[in-house]
Amino acid sequence: MGREFVYVAVILTIIIIIPFYRVVKGPTLFDRLLGVGAIGTKTLVLICLVGFVYGRIDMFIDITLAYAVLNFIGNIAIAKYFIHPRADSEGSP
Amino acid sequence: MDPLRIISMLVVAAGAFFLLVGSVGIIRLPDFYARTHATSKSDTLGLMLVLAGLAIYEGFDLNSVKLLLVLVFVVLTNPVGAHALALAAQKFGLRPTFAGEPRDAGAAELVDAVAANQEEEEEEEEEEEEGS
C-alpha cells in the first residue's frame, strides 16, 4: 500500500535538510528559531507519509497530532519569553 | 489506476513543491521578517495540499477526518507561531532591513549592540569587584 509515497518521502527529506543552513548560520537567535519551526512543520508531513508507507496511518496520525501541539507550544513559549523576560514582573517587560 | 488516486498524487506533488518553495525562501530571503513570510505562508499552503491529498487517497473514514483535523489545527497555529516570533523580535529591537542595504543589516546591528552591552556589563562587574 502506498509505494509511490516512498518517493515523495525521499524528496521531502531533502527539503527538510535545506533549513538546517539557517539554523546553523542564522545571524540572530530568531532566525535559528524560525528554521527550527520550519523543520518541525515539514517533519509533520513526513510522519504522515511514513504512516501511509507502512499502511498504519491510524497509529501515525495520533503521533502527528501530538507533534503539531508540541511544536506550537514550544514556539509560543519561547516568543512569550522574549516579550516578557521576567516572570515576576506581572506582565510588564 | 483509478482517477481518485491520480488526483491525490497530483495534489501531494503540488504540496511538496510549495514546501520546497518555503525551504528555499528561508535560506534565500534577505531579512528575518521576510523569512517569517516564507515559513508562515508557503509552508502552511504546502502542508494543506499534502494532507488534503492524503485524505483524498484514504477515502472518507475516521482516518481522513483525523487528517483534516490536523490540517485545521496547523493552519490555525502555524501563522500564529510565526507572528509571535516576529513580535518577539520586534520587541527585542531587531530592525527590518530596508531597500538598498546589504543582507541582514539590521541583524548585524543587533548583534553588535548586544556584544557591546555585554562588554559594558563585564566592565561594570570588574569595577565593582575592584571597589569592594
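Is it true that some residue in region B:9-26 is facing chain A (nearest Cβ under 10 Å) and touching a His at 6+ places or on another chain (Cβ under 8 Å)?
So far as region B:9-26 goes, yes, one or more of its residues are facing chain A (nearest Cβ under 10 Å) and touching a His at 6+ places or on another chain (Cβ under 8 Å).
Has region B:30-38 got at least one residue that is in contact with a Lys or Arg (Cβ under 6 Å, 6 or more places away or on another chain), more than 10 Å from every other protein chain (Cβ to nearest Cβ) and either outside any helix (DSSP H, G or I) or touching a residue at least 40 places away in the same chain (Cβ under 8 Å) (or both)? Walk me through how you get there before you give the answer.
To start, the set of residues in region B:30-38 that are in contact with a Lys or Arg (Cβ under 6 Å, 6 or more places away or on another chain) comprises B:30.
After this cut, where a residue has to be more than 10 Å from every other protein chain (Cβ to nearest Cβ) as well, the list is B:30.
So of that shortlist, the ones also either outside any helix (DSSP H, G or I) or touching a residue at least 40 places away in the same chain (Cβ under 8 Å) (or both) come out as B:30.
Yes, some residue in region B:30-38 is in contact with a Lys or Arg (Cβ under 6 Å, 6 or more places away or on another chain), more than 10 Å from every other protein chain (Cβ to nearest Cβ) and either outside any helix (DSSP H, G or I) or touching a residue at least 40 places away in the same chain (Cβ under 8 Å) (or both).
Could we say that residue B:76 is surrounded by fewer than 20 Cβ atoms within 10 Å (Cβ to Cβ), more than 10 Å from chain A (Cβ to nearest Cβ) and at pLDDT 90 or above here?
Taking the combined requirement at face value, the residue does not satisfy it.
Out of everything in region B:56-67 that is among the aliphatic types (A, V, I, L, M) and farther than 14 Å from residue A:60 by Cβ, what residue ends up being surrounded by the most Cβ atoms within 10 Å (Cβ to Cβ)? Break it down into steps so the answer makes sense when it comes.
Restricting attention to region B:56-67, the residues satisfying the condition of being among the aliphatic types (A, V, I, L, M) are B:56, B:62, B:65, B:67.
Now restrict to residues that are farther than 14 Å from residue A:60 by Cβ: B:56, B:65.
Values: B:56: 19, B:65: 12.
That would be B:56.
For residues that are over 29 Å from residue B:54 (Cα atoms) and either in contact with a strand residue (DSSP E or B) (Cβ under 9 Å, 6 or more places away or on another chain) or not polar (S, T, N, Q) (or both), tally how many sit in region A:3-32.
So the first thing to find is which residues in region A:3-32 are over 29 Å from residue B:54 (Cα atoms), and the list is A:21-32.
Filter again for either in contact with a strand residue (DSSP E or B) (Cβ under 9 Å, 6 or more places away or on another chain) or not polar (S, T, N, Q) (or both), leaving A:21-27, A:29-32.
So the count comes out to 11.
Is it the case that residue B:29 is of a type outside the set (Val, Ile, Thr) and farther than 20 Å from residue A:65 by Cα? Step through it out loud before you land on a result.
Details: of a type outside the set (Val, Ile, Thr): yes; farther than 20 Å from residue A:65 by Cα: yes.
In short, yes.
Hey, among the residues in region A:1-33 that are within 7 Å of another protein chain (Cβ to nearest Cβ) and closer than 15 Å to residue B:19 by Cα, which one's surrounded by the most Cβ atoms within 10 Å (Cβ to Cβ)?
First, pick out the residues of region A:1-33 that are within 7 Å of another protein chain (Cβ to nearest Cβ): A:4, A:8, A:11-12, A:15, A:18-19, A:21-22, A:27-28, A:30-31, A:33.
Still in the running and closer than 15 Å to residue B:19 by Cα: A:8, A:11-12, A:15, A:18-19.
Values: A:8: 23, A:11: 16, A:12: 25, A:15: 22, A:18: 21, A:19: 29.
The selected residue is A:19.
For every residue, the table says whether it meets (1) under 20 Å from residue A:82 (Cβ atoms); (2) over 19 Å from the mean Cα position of the chain (by Cα); (3) crowded, with 22+ Cβ neighbours inside 10 Å.
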position: B:47; (1), (2), (3): no, no, yes
position: B:69; (1), (2), (3): no, yes, no
position: B:81; (1), (2), (3): yes, no, yes
position: B:98; (1), (2), (3): no, yes, no
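Would you check which residues across region A:34-70 are hydroxyl-bearing (Ser, Thr, Tyr) and either without any contact (Cβ under 8 Å) to a residue 12 or more places away in the chain or facing chain B (nearest Cβ under 8 Å) (or both) and list them?
Step one: list which residues in region A:34-70 are hydroxyl-bearing (Ser, Thr, Tyr), which gives A:41, A:43, A:54, A:64, A:67.
Passing the criteria: A:41, A:54, A:64.
Report, by residue number, each residue of region B:84-132 that is in contact with a helix residue (DSSP H, G or I) (Cβ under 7 Å, 6 or more places away or on another chain) and not in a loop (DSSP other than H, G, I, E, B). Walk me through how you get there before you give the answer.
As a first pass, look at region B:84-132 and keep what is in contact with a helix residue (DSSP H, G or I) (Cβ under 7 Å, 6 or more places away or on another chain): B:84-89, B:91-97, B:107.
Once the filter is applied, which keeps residues that are in contact with a helix residue (DSSP H, G or I) (Cβ under 7 Å, 6 or more places away or on another chain) and not in a loop (DSSP other than H, G, I, E, B), region B:84-132 yields B:84, B:85, B:86, B:87, B:88, B:89, B:91, B:92, B:107.
The values are calculated or read from the model by the stated rules, or taken from the named source; none is laboratory data. Bear in mind the structure is a predicted one, so any value in this text is a computation, not a measurement. Cβ atoms come from the backbone with ideal geometry, glycine included; neighbour counts cover every protein chain shown.
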